[in-house]
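Notes to accompany the following structure.
The values are calculated or read from the model by the stated rules, or taken from the named source; none is laboratory data. All of these numbers come straight from a predicted model, not from anything done at the bench. Here the Cβ is made from the backbone with ideal geometry for all residues, glycine too, and neighbour counts use every protein chain on show. What goes into the accessible areas is simple: the full protein's heavy atoms, side chains included, and nothing from ligands, DNA or RNA. Shrake-Rupley method; radii C 1.70, N 1.55, O 1.52, S 1.80 Å.
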Amino acid sequence: MKTYRKELVFEIPTRRAFVNITAEVVDCIEQSRINEGLLLCNAMHITSSVFINDHEAGLHQDFEEWLEGLAPHAPISRYRHNDTGEDNGDAHLKRTIMGREVVVAITDGRLDFGPWEQIFYGEFDGRRRKRVLVKIIGE
Amino acid sequence: MKTYRKELVFEIPTRRAFVNITAEVVDCIEQSRINEGLLLCNAMHITSSVFINDHEAGLHQDFEEWLEGLAPHAPISRYRHNDTGEDNGDAHLKRTIMGREVVVAITDGRLDFGPWEQIFYGEFDGRRRKRVLVKIIGE
Amino acid sequence: MKTYRKELVFEIPTRRAFVNITAEVVDCIEQSRINEGLLLCNAMHITSSVFINDHEAGLHQDFEEWLEGLAPHAPISRYRHNDTGEDNGDAHLKRTIMGREVVVAITDGRLDFGPWEQIFYGEFDGRRRKRVLVKIIGE
């Protein structure tokens, strides 16, 4: 069995953003020389997500508005978490909707994906350095 | 290490449906001859889900109504994604709530499940051919 | 390849609760003697969750109120699932938001986590014995 590990680093200049990281994940598979296995890609922070959906700007705008409706950022006083001095209570909830991680199959040395699947990093409390873990096991 | 891969194919005649796929997944485990390992089962499309819950018709009706409340299909104009000519903006959001994938344990050659766990395919934009991936690694 | 399996057992005296199970999961990794691999931790029941977020009481209160807003417990008659005699229709939906499972990386014999990641059991229909599965594969 082989294993591979890499951290991807992000420093998003805005509070929220979606970043397509599919190419970085494909690079990891190539570097790993693993042909058959499973790949885990997870946010290492609890106010960001890794998820799979469509690379389409209108959809990302829909996600942004929908998440803001389900878990509004303001007023900050609506979240007990923010009583600690934080202002990111909403980010913990938004990340919960979008998910922490994806697990994907590697087949014949490639990402085993459907036609429109792309992997995204979802940032909900940016403007600082954050990390995503890629871990692969297989052979 | 052994690996196994299979695609399950669906062509749901309605826009939305939930289909119990537990028996198909169990067949995959038997075909794989893998006794100990992990099984990934994921939708290969971004408007459908694979999830684990109860095989109970009332609950599925509750899911349908609840998802329609959280991400209504109409009016189609409420989603920027639909400006591209699509009418499935809601399906991307509904699939996000229900999830893309499940990872389950295989122990002694069997699905290592609690008493009520069943695996479902969730379709949110049907009436065309779509696929689910089953990938197993173990030995 | 090595594999490891353990069930964690909970009997929560209230309907709902969040329990930090990170130490129990770390114990499993130590017992497994697996240094590199993937760990699956999933609820074996369909009205409870395993998820990763912050060990902060205010946030847990926010989760409780937010989930109650998205899928209220009462009136019980609002869920068709409860026509079967159950009163836990809301618990199936709350668990869907919070997720069934987490997959985490093991690196150098340790949980490969970011600074604030902690694993929680989320109970949404307690007052009875329920189980969580920990399955590890690696070497």
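Here are a few things to note about the model shown:
- Within region A:121-139, if we keep just the residues that are surrounded by 20 or more Cβ atoms within 10 Å (Cβ to Cβ), within 11 Å of chain B (Cβ to nearest Cβ) and not aliphatic (A, V, I, L, M), the residue that is nearest to B:I137 (Cα to Cα) turns out to be A:G138.
- Residue match in region C:80-92 (condition: in contact with a strand residue (DSSP E or B) (Cβ under 9 Å, 6 or more places away or on another chain) and in contact (Cβ under 8 Å) with a residue 24 or more places away in the chain): yes
- Given (1) touching a Phe, Trp or Tyr at 6+ places or on another chain (Cβ under 8 Å); (2) within 11 Å of another protein chain (Cβ to nearest Cβ); (3) of a type outside the set (A, V, I, L, M), number of the condition C:S32 does not satisfy: (2)
- Within region C:10-19, the residues that satisfy the criterion of being of a type outside the set (S, T, Y) and loosely packed, with under 14 Cβ neighbours inside 10 Å are C:E11, C:P13.
- Number of the condition not met by C:Y79 [criteria: (1) closer than 30 Å to C:N35 by Cα; (2) surrounded by 18 or more Cβ atoms within 10 Å (Cβ to Cβ); (3) among the hydroxyl-bearing types (S, T, Y)]: (1)
- Qualifying helices (runs of 4 or more DSSP H) (wholly inside region A:7-98; at least 2 residues being touching a helix residue (DSSP H, G or I) at 6+ places or on another chain (Cβ under 6 Å)): A:57-70, A:89-98
- Across region A:31-46, the number of residues qualifying as surrounded by fewer than 23 Cβ atoms within 10 Å (Cβ to Cβ) and over 20 Å from the mean Cα position of the chain (by Cα) comes to 6.
- Meets criteria (among the β-branched types (V, I, T), over 17 Å from A:L67 (Cβ atoms) and open to solvent by 20 Å² or more (accessible area, probe 1.4 Å)) for B:T84: yes
Conditions tested, residue by residue: (1) over 25 Å from C:E101 (Cβ atoms); (2) among the small types (G, A, S).
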residue	(1), (2)
A:M1	no, no
A:Y4	no, no
A:E7	no, no
A:R16	yes, no
A:V25	no, no
A:S32	no, yes
A:E36	no, no
A:L40	no, no
A:M44	no, no
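- Some residue of region A:47-66 being buried (at least 20 other Cβ atoms within 10 Å of the Cβ), over 27 Å from B:V132 (Cα atoms) and within 11 Å of chain C (Cβ to nearest Cβ): yes
- Filtered residue count, region C:102-115, keeping only those that are farther than 17 Å from C:E24 by Cα, in a loop (DSSP other than H, G, I, E, B) and either open to solvent by less than 10 Å² (accessible area, probe 1.4 Å) or not charged (D, E, K, R) (or both): 2
Rundown of residues vs (1) of a type in the set (V, I, T); (2) without any contact (Cβ under 8 Å) to a residue 24 or more places away in the chain; (3) in contact with a Pro (Cβ under 9 Å, 6 or more places away or on another chain), yes/no style:
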position: A:Y4; (1), (2), (3): no, no, no
position: A:F10; (1), (2), (3): no, no, no
position: A:T22; (1), (2), (3): yes, no, no
position: A:D27; (1), (2), (3): no, yes, no
position: A:L38; (1), (2), (3): no, no, no
position: A:M44; (1), (2), (3): no, no, yes
position: A:S48; (1), (2), (3): no, no, no
position: A:A57; (1), (2), (3): no, yes, no
position: A:R78; (1), (2), (3): no, yes, yes
